[in-house]
Amino acid sequence: MNILRVAKGVGGFIAGSDVGRSDSQRVEALLQRISDGALPEERQDAVAELRDVLQSNPEAQQAVGSGFPVLLNALKTERGDQEMTRGILESLALAVQPNERSSRWQGADPAAINAELLAKNDEVVPLLLAFLKDGPQAASNFYVRYHTVQLLTALAAGGPYRLQKAILAAPMGVVQLMDLLGDSHEVVRNEAVLLLMSLTKSSPDIQKIAAFEGAFEHILKILKEEDWVMGGIIVQDCLDLLSHLLQNNIGNQLMFREVGHLSAFVKVLQLPADRYRRSLPKQVGINLAAAMSTTQLLSTPAAPSSGGQEKQQQECALANKAALVKLGILESLLALAVGSGGIPSCPVRTQALACIAKLIKGVPPHQAKLGDAKVTAASSASTPALQAILQVALSANDPAEATAAAGVIAGFCEEYREGQQMLAATFTPPTELSTPQQGGIEGTFGSQLAASLTGLRPSPMARAAGLLHHVVLNNAASKQAVLQASSAGAREGSLLVRCCRQLANMLASGQQGEPPVSLAVMMLLRLLITWAHDCAPALEALLAPPGHLPMLLELAQKRFGERTAIVNGLAAALLGVCAMELSQPITCLSSDPSASPERIAGNTVLEIIGSRIGMASYFSRIDALLQRPEFAQAPGKTPGTDNTAPSKGEQGTGTVGALAAPSIFDAAYVRWLSQLKDRMHKLAMSGLRRPSGEGLPAANGDSAEQPQDDQGTITALQREIDALKTQLRRAHEEKELRSKQQSNPAHEQELQTARAHAQQAAAASAQHVKELTALKGQLQQAEQEAVRWRSAANQAQATAAKLEADMEGLGTAYNMLETHSHEVEARLQELESTGVSSSKGKGAEDGKTAAEDDEEDSSGLDDLLVCLGQEEQKVAILRARLEDLGVDVDELLEAIGDREDDPPDA
Amino acid sequence: MSYAYLFKYIIIGDTGVGKSCLLLQFTDKRFQPVHDLTIGVEFGARMINIDGKQIKLQIWDTAGQESFRSITRSYYRGAAGALLVYDITRRETFNHLASWLEDARQHANPNMTIMLIGNKSDLTHRRAVTTEEGEQFAKEHGLVFLETSAKTAHNVEEAFINTARKIYEKIEQGVFDVSNESYGIKVGYGAGGQAGGTVRPGEAAPAKSSSCC
């Protein structure tokens, strides 16, 4: 085309027509010719020339924008002319496609502006879709279809939402586009895949119509034709389109699953054995990655924001996972990840591991399936898949891959107790099962992990500690199993003891500030916290050797480079766990009760913390830990699977373990830790309240003030005293025993410790007895006081009742008086009125009688007035009395008045 | 999972006539008295058996609201069967049937089998359209007719299965070119050629690799 353009340019130059004209002027002239040219040939030439000018020419692109109406009009009017149609479509496509020169173009991208301009025009989409329609008037010309699709794709790139709307509004819009997937011309088909990719992205309506119109069938057909994952870039496009169709769309996922497309889909991940043993072509790697993205999408419930159908989303993802695993996808993924050493591409292996973790996590049948799976190891022998994955998790060079492998093991252990116990059972020391199993990777899962854990290099040590954490997490049985299996017959002691020795060695090495070492320390501490929590034998193993507690104190105080806060905090948390668990009533399922004669009490640990670190300083360490970004932003779900990027501090060092801090602590862990802190606070508070510094059991820590709860405290103290007495007795026994074999100098130190303990215990016991008596006294006092108060309260109540009765009597009396006075008044009025009427009506002759009557009346009136005065007096007395009693007399009077007013109405 | 044929259905009709409930009753055998308004289109699937042949039904339940019409029209062309539903207690839903039918005739393939469904037959006391009227309308327009109740499941199975039987008959008669999937019919395993195959249920399907794609 460029040659053509040069030729045209030369032609133009020779003709002299284009001399000195800019590209934009030329475009304008051409548009003019297209619109006004009289002859079809002239218009055709102009279109062809316009197309050439537009090639890689931002200036021309900018100029042609204003001419879109002309071109669209020509498209409509000259539909019969295929050459013309094709030229205009191609020109339009060129006008909206970004080209390599536009990046150097200054100002706004003309292609984007043009795309915006065209998309805004409501006519464009129906006009273009019409070119795709089969039928007599539609152009069957391949180029027409090709450029139409190109143009639509460019428009979609500019603003997919607007185009999606326009396509949906056009009758059968999507349906016509879907037909393109079956186009006999590969170029058109491939363009159509790209177009549908942008159209289906986050448009559930188009996704569904596409699925209805057989998009899945088309895609799988293309994949098959292109030799599945071994194909070219079209395979990648198809898989991306598939992801777009399935994303956040339960209906489409259901259809994909129900119709049996999954069985075809899993073929994508099947690579012919040994085909890519040495190297993997880049495109195949990308295709595999795309296929695994689709797999992950199918096995992950969509974001909760997408429509409140969480339950359905979960069910759908679960059904997808079940179907995929049933169809053997685990085997394909294992072959990619670890089979024969894995595919020679680290990102592919990593993603395969991430996929496996997604598929098995929380689904016991899948976890069991992985537990039973075998892979062909590098030495072409069959090995348990989990062990091969362990190998990767321990020794992969790439941190992300190791993290992904650890994620699989974490996923295997999560909520799958049988699996954890199965792995725990493999920790038998190599002396018993030293013969390699079937010539595969030597040893067992457990022995391999233990070897790394107790090895010299800090990096594998950190990884191994992280893995063992998952094996024992939330599972008391596997905690004990690992402890027992690893200690049976091993001269160096149980694995837990060896972990502590590793910690001590690292402390002694003086290199604890170096990132790999501090990481290992951190991981070991996390493991020990998990292990000792809710597992009495592990706790005993942790605290039995005398050197361990001082070591933990040291860990809580020393500096560890950039991880100082974390390590100090975790060590403090571990001490907290010790204090906590020991202060609880002894319900230990100790395997061997006689093995721990020197059980340290929880308050002793607390005391030691108080004296060596100081309580305030101790809690500040845990607070500092909780404020670390790793904790503040802990991921909500399980660690190790989602966050594969190592933290910045570790990226530089390279050799540092892949278990990066951000993914180590999950939200549940953080929650647990803050609870631990609160409980420790209570424990410490109740401990500090005692003058002796002795702690109370946590359960009673906050109730010491209330007399009625003293009873509980007393019983608890008595229990503790009993426990201490037993300890004391045991210590005495042991002392005697030891004194018999004093010839052995090695026991000297232990003996001393024992003595110290015995003394301590005795002192504590005496203290408790003292306290007990004091408390009993207090209780009696309190009880006496309570009796006193109760009688006082009774008295007060009686007085109150009496006063109330008095009040009521007075009120009644007053009422009666009021009624009486009212009656008297009424009579008075009556009398007055009769008096008046009689004097008027009867006249003089009745005067005498009237005078007599009057006299009688007035004497009656006098009587009444006296009576009233007496009443008033009584009222005054009553008022005074009532006021003394604190009654609001006015109110009372008013109320009485009201009551008196009522009856006449009734 | 293997099937002799796959038929695509759509369910159309005014909003609130019980389209989604019919689908739910047919696929999940349950009734949901309060159903959210269907947005766009929902999908359901079930396997049925006709004359010993496994037939997979893929059903698209469309939104009845006018605002979704342009989207739902996209489903007409590729469907082999349509359930056109009205509500016997709401006369206007019956009156709109003609416009639905016109829409379907315009966009669907001419051989699409349409079943007229008078739903909510359990609500006899509120009936506003008689059975005879429904029958009459179906007869005039060449449709199959049934009254159903998604609530009691009355005639629900029949509605879907009779439609499938009708389509199956048309295939037997050679009305469809089943190789053209745009009619909403797909031949799967064990169809035994175009018509009249003799694959019985339980019999191993002919080993035909990846005919599902």
Label-point separation, A:GLN296 to A:SER66 (7 Å along Cα→Cβ), nm: 5.0
Calculated FRET value between A:ASP884 and A:GLU830, using beta carbons and R₀ = 35 Å, to 0.05: 0.35
Mean residue ellipticity (222 nm) of chain B, computed from DSSP H runs ≥ 4 via -39,500 (n - 2.57), nearest 500: -8000 deg cm²/dmol
Percentage of interatomic Cα-Cα distances in the stretch A:451-537 larger than 18 Å: 39
Per-peptide average of other Cβ atoms within 10 Å, ordering A:205-218, B:135-148, A:762-775 highest first: A:205-218, B:135-148, A:762-775
Filtered chymotrypsin sites (Phe, Trp or Tyr not before Pro), the stretch B:16-87: DSSP coil and at most 13 other beta carbons within 10 Å: none
Label-point separation in nm, A:TRP789 to A:LYS165, each point 7 Å along Cα→Cβ: 7.3
Karplus-derived HN-Hα couplings along the stretch A:276-283 (A = 6.51, B = -1.76, C = 1.60, θ = phi - 60°), whole Hz, x at Gly and Pro: 10, 5, 8, 8, 10, x, 4, 5
Largest-first principal axis extents of the Cα set of the stretch A:354-410 (Å): 29, 26, 14
3J(HN,Hα) from dihedral phi, the stretch A:202-208, Karplus parametrisation 6.51/-1.76/1.60, rounded to Hz, x for glycine, proline: 6, 10, x, 4, 5, 4, 5
Coarse-grained scattering of the stretch B:105-187 at q = 0.15 Å⁻¹, given as base-10 log I(q)/I(0) from a Debye sum over alpha-carbon atoms: -0.65
Solvent exposure of the stretch A:299-391 as accessible area per residue, Å², 1.4 Å probe: 39
Residue mean of other protein chain beta carbons inside 10 Å, A:204-211: 5
Relative pair counts by distance (%), Cα atoms of the stretch A:211-319, 5 Å bins: 2, 12, 23, 22, 17, 12, 7, 4, 1, 0
Nonlocal amide H pairs with B:ALA45, under 5 Å, H built at 1.01 Å: B:ILE59
Distance from the stretch A:164-215 to the stretch A:58-96 (C-alpha centre basis), Å: 23
Additional length obtainable on full extension of the chain from A:GLU733 to A:ALA303, 0.36 nm per residue less Cα span: 148.3 nm
Amide hydrogen neighbours beyond the local backbone of B:GLU147, cut-off 5 Å, H modeled: B:GLY118
Computed accessible area, A:MET551, all protein chains, 1.4 angstrom probe, square angstrom: 10
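State which entries of A:LYS76/A:LYS133; A:LYS267/A:LYS321; A:LYS221/A:LYS282 exceed 20 angstrom in Cα-Cα distance in the structure shown.
The answer is A:LYS221/A:LYS282.
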In order through the stretch A:879-884: 3J(HN,Hα) via Karplus (6.51 cos²θ - 1.76 cosθ + 1.60), integer Hz, x for Gly, Pro: 4, 4, 4, 5, 4, 4
Segment B:ASP28-B:VAL175, extension gain: residue separation times 0.36 nm, minus the distance between their alpha carbons: 49.7 nm
Computed P(r) (all Cα pairs; chain B; 5 Å bins; percent): 1, 7, 16, 20, 19, 16, 11, 6, 3, 1, 0, 0
Distance histogram in 5 Å bins (all Cα pairs of the stretch A:25-72, percent per bin): 5, 25, 35, 25, 8, 2
Solvent-accessible surface ranking, highest first, for B:SER179, A:SER494 at 1.4 angstrom: B:SER179, A:SER494
Cubic angstrom per residue, convex hull over Cα atoms of the stretch A:233-380: 104
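The values are calculated or read from the model by the stated rules, or taken from the named source; none is laboratory data. Here the structure is a predicted model, which means the values were calculated and not measured. Using ideal geometry, Cβ is built from the backbone for each residue, glycine included, and neighbour counts are taken over all protein chains shown. Quick note on the areas: whole protein, heavy atoms, side chains included, nothing else; ligands and nucleic acids left out. Shrake-Rupley method; radii C 1.70, N 1.55, O 1.52, S 1.80 Å.
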